[in-house]
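Everything on this sheet refers to the single structure shown next.
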Amino acid sequence: MGVPSDDLVLIESGKKAGDPSVITVNCPDKTGLGCDLCRIILEFGLCITRGDVSTDGKWCYVVFWVVPRSVSATVRWASLKNRLLSVCPSCSISFYFQLPTRPTPSPVVYLLKFFCLNRKGLLHDATHVLCELELITQRVKVSTTPDGRVMDLFFITDSMELLHTKKRQDETCEHLNAVLGDSCISCELQLVGPEYECFQQGLSSLPPAVSKELFSSELSDNDIHSQALTPDLTKLKKASITMDNSLSPAHTLLQIHSVDQKCLLYDILRTLKDCNIQIAYGRFSSKTKDYREVDLFIQQTDGRKILDPAKQDTLCSRLRMEMLHPLRVIITNRGPDTELLVANPVELSGKGRPRVFYDVTLALKVLGICIFSAEIGRLSASERQWEVYRFLLDDTHEFPLANFRARNQIVDRVRRTLMGW
């Protein structure tokens, strides 16, 4: 016998408007579970305000306090619970006797193709619909014809695993038609064909100078000022990461004090997951305005503390980079065109950062900038894999793309949106 699955994840709504909802996960433990839970919560447009986690190495207890990032957002709580359950290890008899589990099959990929008249904000409006329907964008190819029409190719997977049904397919096209209105000429949805293999091979290579700027592994003082995604250099310098081995006989205490930003807890937990660091106890809280405190008691996979100074320095440096420089945003020239590039590292599990395409298209919509073409793909650089978003932008009167100041304003708005500022 095992624990009923309904008891693995419990969601309690806030008692009054504005109060956070409480998500409780009580299930067998696995390395990186906290990261997986965070990613799903962020995919649903929620912000984690507090968090607690404890585990004995076999069973874990996790609590997150969450609020919608937008007051007008509608959260599908039942679907969120199902998604969280999907990453929890099984509580069946196979868990207790440590029987081998079957590998999770790869999600089925569908091609959503729609042909539209171009207008400002069109791409974000379509992306918003897909997020609301819990359809996950794997790849995108958007191109504009000379007569101002747009062909959008979205390669998507369904977190609800219902896209094979006619009802789900009709629902998707109906929602898109309702949002896009008269600008939508046609909408089709089908299983991917051979064309998806071409997209899986990745993007075309970037010029060496652009690649060096985008994927640099160094974080100089100039980078901190210009690219570290913070509105205030003084606040950034207050960020600290320390380790202490004197407080626990079996665990290293990792303490982080950082400027608050979207995905902060996710960035910390995905780094620890990729480094095979296990968390025994942790707390994520806010003691002062605009800052977050994170206390984590951690171990290596062999059950030992991190005593080697070199390993401590390596982990602290990695965390510092992933926290202060989690996303790369630049504008460059691509022949006669202006290209916005956004890049983020991919987890070793192959998962990408949540809602990046959504946030970038939102920022460009707010600025009133049309997207001539867009593309999502993956590239390998600096000994890791990156998810890269490429946008060719249309010139506007408000933001002449040849103007250095206008370019900086675009980059700044995109960064702030990505970081939740």
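What do you reckon, is LEU8 of a type outside the set (S, T, N, Q), touching a helix residue (DSSP H, G or I) at 6+ places or on another chain (Cβ under 7 Å) and modelled with pLDDT of 95 or more?
Criteria not met by LEU8.
Just name the residue that is surrounded by the most Cβ atoms within 10 Å (Cβ to Cβ) out of those in region 64-89 that are part of a loop (DSSP other than H, G, I, E, B) and modelled with pLDDT of 75 or more.
The qualifying residue surrounded by the most Cβ atoms within 10 Å (Cβ to Cβ) is CYS88.
When both residues are 6+ apart or on different chains and their Cβ atoms are under 6 Å apart, which pairs have a first residue that lies in region 249-272 and is within 21 Å of THR301 (Cβ to Cβ), and a second that is among the aromatic types (Phe, Trp, Tyr) and modelled with pLDDT of 95 or more?
Cβ pairs passing all conditions: HIS251/PHE297; LEU253/PHE297.
Mind listing just one residue for me: the one in region 305-336 that is outside the structural domain of ARG355 (by TED's automatic domain parsing), over 20 Å from LYS262 (Cα atoms) and of a type in the set (D, E, K, R) and, of those, surrounded by the most Cβ atoms within 10 Å (Cβ to Cβ)?
LYS305
Do you know which of the residues in region 246-265 that are modelled with pLDDT of 95 or more and in contact with a Leu (Cβ under 6 Å, 6 or more places away or on another chain) is farthest from VAL66 (Cα to Cα)?
LEU253
Step by step: first the residues of region 128-180, then only those that are of a type in the set (A, V, I, L, M, F, W, C) and over 21 Å from VAL356 (Cβ atoms), then the one that is farthest from the chain's Cα centre (by Cα). Which residue is that?
ALA178
Are there any pairs with C-beta distances below 6 angstrom linking a residue in region 295-310 that is free of Cβ contacts under 8 Å to residues at least 60 places away in the same chain to a residue that is among the acidic types (Asp, Glu) and outside any loop (DSSP other than H, G, I, E, B), with the two at least 6 apart or on different chains, and if so which?
Listed pairs, sorted by first residue: none to list.
Taking strands (runs of 3 or more DSSP E) that do not extend beyond region 292-403, which have at least 2 residues that are at pLDDT below 90 and in contact with a strand residue (DSSP E or B) (Cβ under 6 Å, 6 or more places away or on another chain)?
Per the criteria, 371-381.
The values are calculated or read from the model by the stated rules, or taken from the named source; none is laboratory data. What you see is a predicted model, and the numbers here were worked out from it, not measured in a lab. Methodologically, a virtual Cβ is constructed for each residue, glycine included, from the backbone with ideal geometry; neighbour enumeration extends over all protein chains shown.
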